Every structure is written in structure tokens, then in C-alpha cells.
Amino acid sequence: MFIYSKTLQRPMNVSRRDPNMAMNILTAYGGPDGEAGAGTRYLTQRYAMPLKEGKAILTDVGTEELGHLEMVGELFTKLIDGATKDEMIAAGFDRFY
């Protein structure tokens with residue numbers, strides 16, 4: 001069972017905006033070794049697991065990985081908060097638009 005809480009388990013303290021760091025953090029979200037991919041891999045692997053206990057562990061780990069998306073997303077948002085268009089272009093975000 002899941003309980004939704006509007007607070008992060010680990011608070012994200014960012015002292016200043018940094019679009020360059022945000023670009024690096026973006027790979028932790030959905031890059032090849034990012035949280036989205038890791039969560040999906042664990043949740044997909046559970047279907048091939050023959051043991052109930054193994055399936056339960058893979059489900060728990062996959063769900064935890066997907067939960068990290070909220071923390072990475074919050075960090076990313078705080079790093080670009082208040083950034084100007086020119087700062088975003090200089091950091092390389094123009095290729096996404």
C-alpha cells in the first residue's frame with residue numbers, strides 16, 4: 001500500500017541556480033543509467049523471476065527507484081528556477097526545443 005506525502009523524504013537545499021548542473025542532473029532522471037530506466041528494468045525483470053520472494057524484492061526496488069524521480073525532478077527544478085533564456089541556451093537546453 002502506498003501513502004502519498006507532499007514532503008520529500010530528503011529535503012533539496014539549493015543555494016543558487018545552476019543550469020549547467022541541471023543539465024548533468026537531467027541524465028540522472030532519464031539518461032541511460034537514470035532512475036526512470038533503473039525502475040523500469042527492475043519492474044520488468046520481476047516477470048521472469050520464478051520465486052515469489054524475488055518478485056517481491058524486484059517490485060520493491062523498482063518502486064523505490066521510481067520514487068527517486070521526484071527527488072531528482074525537484075533538484076532539477078530548483079537548479080533552473082529563475083534562469084534566463086540566455087542562461088538556459090548557454091547550458092545547452094536549446095537543443096530540446
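Of all residue pairs spaced 6 or more apart or on separate chains, none has beta-carbon atoms under 8 Å together with a first member in the stretch 46-67 that is more than 29 Å from Lys6 (Cα to Cα) and a second member that is at pLDDT 95 or above and not in a helix (DSSP H, G or I).
Summed over the stretch 50-79, the residues that are in contact with a Lys or Arg (Cβ under 9 Å, 6 or more places away or on another chain), open to solvent by 60 Å² or more (accessible area, probe 1.4 Å) and more than 20 Å from Ile25 (Cα to Cα) give a count of 2.
Among the residues of the stretch 8-32, which ones are in a loop (DSSP other than H, G, I, E, B) and touching a residue at least 60 places away in the same chain (Cβ under 8 Å)? Even if it seems obvious, please write down each step before you answer.
Of the residues in the stretch 8-32, the ones in a loop (DSSP other than H, G, I, E, B) are 8-18, 31-32.
Hits for the stretch 8-32 are Leu8, Gln9, Arg10, Met12, Val14, Arg17, Asp18.
Considering the stretch 3-25, and only residues there that are hydrophobic (A, V, I, L, M, F, W, C) and at pLDDT below 90, the residue that is nearest to Asp81 (Cα to Cα) turns out to be Val14. Residues in the stretch 26-33: is at least one open to solvent by less than 50 Å² (accessible area, probe 1.4 Å) and under 21 Å from Gly92 (Cα atoms)? The answer is yes, given that some residue of the stretch 26-33 is open to solvent by less than 50 Å² (accessible area, probe 1.4 Å) and under 21 Å from Gly92 (Cα atoms).
When Ser5 is tested against (1) touching a residue at least 24 places away in the same chain (Cβ under 8 Å); (2) open to solvent by less than 90 Å² (accessible area, probe 1.4 Å), just one condition goes unmet, and that condition is (1). Applying the condition of being open to solvent by 40 Å² or more (accessible area, probe 1.4 Å) and aromatic (Phe, Trp, Tyr) to the stretch 80-97 and asking which residue is nearest to Asn24 (Cα to Cα) yields Phe96.
Restricting the first member to the stretch 77-97 and to residues that are at negative phi and in a helix (DSSP H, G or I), and the second to residues that are β-branched (Val, Ile, Thr) and at pLDDT below 90, the beta-carbon pairs closer than 9 Å and six or more apart or on different chains are Lys78/Val14; Leu79/Val14.
The values are calculated or read from the model by the stated rules, or taken from the named source; none is laboratory data. Treat the numbers as computed from the prediction; the structure is a model and nothing was measured. No Cβ is skipped: glycine too gets one built from the backbone with ideal geometry, and neighbour counts run over all protein chains shown. Areas reflect the complete protein model, heavy atoms only, side chains present, ligands, DNA and RNA absent. Shrake-Rupley method; radii C 1.70, N 1.55, O 1.52, S 1.80 Å.
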